[in-house]
Amino acid sequence: MGAACGPEMIVDPDAVRAAVLAARDQGRRVGFVPTMGALHAGHVSLVDRAAAECDDVVVSIFVNPTQFAPQEDFTRYPRTPDADRTALAGCRVRWLFAPRADDIYPPGWCTRISMDGPASRFEGEHRPGHFSGVATVVCRLFMAVPADRAYFGAKDWQQTLVVRRMIRDLGVPIGIVVCPTVREPDGLAMSSRNVYLAPADRRRATALWEALGIAARSWDAGHVPGAIERSMRGHLESRGIAVDYAAIVDAESLGPVEPAAPAVALVAGRVGGTRLIDNLQLPARSMRNE
Ligand code: AMP
């Protein structure tokens, strides 16, 4: 299964569901990695983790229209099915689930999950409707792929909080595993959207990682969140990045930093025409300097 001949391709949600349930009936642990394709080493790290922890791995590739606003990049989002199959050929993946839009959103579809809480701020503010689309498609994918565990990247930290909240609220019986962000040698977080970057923008894009480094050092030095946010924003703007947000918040609630609790630095901005996001976990610290 997997490496020698590549994964079995399945389009039909009912077929993948039957395959996953049959495997679980045999006592096999099934791991699920949902993606939008244009696979890179970040995706592969999720697949490898799932393969290390599970008997069978399902990867889904579906560019989900409902998480893109009308003016966003849905139509030009990179679609590389052949390269994706090659990327997965070396991984231990049993099923590649690649549904069509009609399989996920049947004709007459009119049901959406709406969320507040972790979906309200940051990406939720700058991409209205985005997390409603994410929660809806992830829930739909979890119905089709009733795995033991699903693997998500810390790269999209707010998304992991949204998914965890959604499965708690709806009682979806699946475990969520969050895997570390995989980066280019210069620190830029790997992203399917990095292919949009012209060479000069690609060089400037490292400012996001630099801003997160500034945040980590200032956090360790005991600086208050507001001052760290100003430093991050100043650095990004000095590199010509149009900043959507540069924030230090509680890592779980995304509200104000709590004493002795882990925080997270979140950044988002446009580099040329490309919008990028990144984040870095900040360990709990005493608040005596604040
Ligand atoms: P996407 O195809 O962009 O929807 O991403 C699919 C999954 O891969 C999500 O859980 C992402 O958080 C995760 N992911 C994307 N980029 C990275 C990265 N650089 N490192 C780790 N995980 C990633």
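Filtering region 66-90 down to residues that are touching a residue at least 60 places away in the same chain (Cβ under 8 Å) and closer than 15 Å to residue 133 by Cβ, which residue is surrounded by the most Cβ atoms within 10 Å (Cβ to Cβ)?
Filtering first and then ranking leaves 67.
Taking region 212-244, which residues are open to solvent by 20 Å² or more (accessible area, probe 1.4 Å) and closer than 14 Å to residue 264 by Cβ?
Scanning region 212-244 gives 216, 225, 229.
Yes or no: residue 154 open to solvent by less than 10 Å² (accessible area, probe 1.4 Å) and either away from the ligand (no atom under 13 Å from the Cβ) or in contact with a strand residue (DSSP E or B) (Cβ under 9 Å, 6 or more places away or on another chain) (or both)? Working first, answer last.
Values: open to solvent by less than 10 Å² (accessible area, probe 1.4 Å): no; either away from the ligand (no atom under 13 Å from the Cβ) or in contact with a strand residue (DSSP E or B) (Cβ under 9 Å, 6 or more places away or on another chain) (or both): yes.
Against the criterion (open to solvent by less than 10 Å² (accessible area, probe 1.4 Å) and either away from the ligand (no atom under 13 Å from the Cβ) or in contact with a strand residue (DSSP E or B) (Cβ under 9 Å, 6 or more places away or on another chain) (or both)), residue 154 does not qualify.
Could you grab the pairs with beta carbons closer than 7 Å, sequence gap of 6+ or different chains, first residue in region 103-121 and over 11 Å from residue 131 (Cβ atoms), second one part of a loop (DSSP other than H, G, I, E, B)?
103/11; 103/12; 104/62
Any chance you could count how many residues in region 19-51 are more than 16 Å from the ligand (Cβ to nearest atom) and open to solvent by less than 60 Å² (accessible area, probe 1.4 Å)?
Within region 19-51, the subset more than 16 Å from the ligand (Cβ to nearest atom) is 19-30.
Adding the requirement that they be open to solvent by less than 60 Å² (accessible area, probe 1.4 Å) leaves 19-20, 22-23, 30.
Number of matching residues: 5.
Which residue pairs have Cβ atoms closer than 8 Å, lie 6 or more positions apart in sequence or on different chains, and pair a first residue in region 157-180 that is within 18 Å of residue 120 (Cβ to Cβ) with a second residue that is at pLDDT below 95 and among the polar types (S, T, N, Q)?
none
Of all residues being in contact (Cβ under 8 Å) with a residue 24 or more places away in the chain and of a type outside the set (Gly, Ala, Ser) in region 203-219, which is farthest from the ligand (Cβ to nearest atom)? Just the residue, please.
Per the stated criteria, the residue is 219.
Quick one: would you say residue 167 is among the β-branched types (Val, Ile, Thr), over 21 Å from residue 248 (Cα atoms) and within 11 Å of the ligand (Cβ to nearest atom)?
Details: among the β-branched types (Val, Ile, Thr): yes; over 21 Å from residue 248 (Cα atoms): yes; within 11 Å of the ligand (Cβ to nearest atom): no.
No, not satisfied.
Within region 96-149, how many residues turn out to be acidic (Asp, Glu), in a loop (DSSP other than H, G, I, E, B) and either under 29 Å from residue 21 (Cβ atoms) or open to solvent by less than 20 Å² (accessible area, probe 1.4 Å) (or both)?
Just the residues of region 96-149 that are acidic (Asp, Glu), to begin with: 102-103, 116, 123, 125, 148.
Then drop every residue that is not in a loop (DSSP other than H, G, I, E, B), which leaves 116, 148.
Then drop every residue that is not either under 29 Å from residue 21 (Cβ atoms) or open to solvent by less than 20 Å² (accessible area, probe 1.4 Å) (or both), which leaves 148.
So the answer is 1.
Check whether at least one residue in region 186-193 is open to solvent by less than 30 Å² (accessible area, probe 1.4 Å) and more than 16 Å from the ligand (Cβ to nearest atom), and report yes or no.
No.
Which of the residues belonging to region 52-64 are farther than 15 Å from residue 95 by Cα and open to solvent by 40 Å² or more (accessible area, probe 1.4 Å)? Write out each step before concluding.
First, the residues of region 52-64 that are farther than 15 Å from residue 95 by Cα: 52-53, 63-64.
Matches in region 52-64: 52, 53.
The values are calculated or read from the model by the stated rules, or taken from the named source; none is laboratory data. Predicted model, so just to flag it, every value in this text is computed and none were measured. Glycine also receives a Cβ, built like all others from the backbone with ideal geometry; neighbour counts cover every protein chain displayed. Accessible surface is based on the protein model in full, side chains and every heavy atom, while ligands, DNA and RNA are left aside. Shrake-Rupley method; radii C 1.70, N 1.55, O 1.52, S 1.80 Å.
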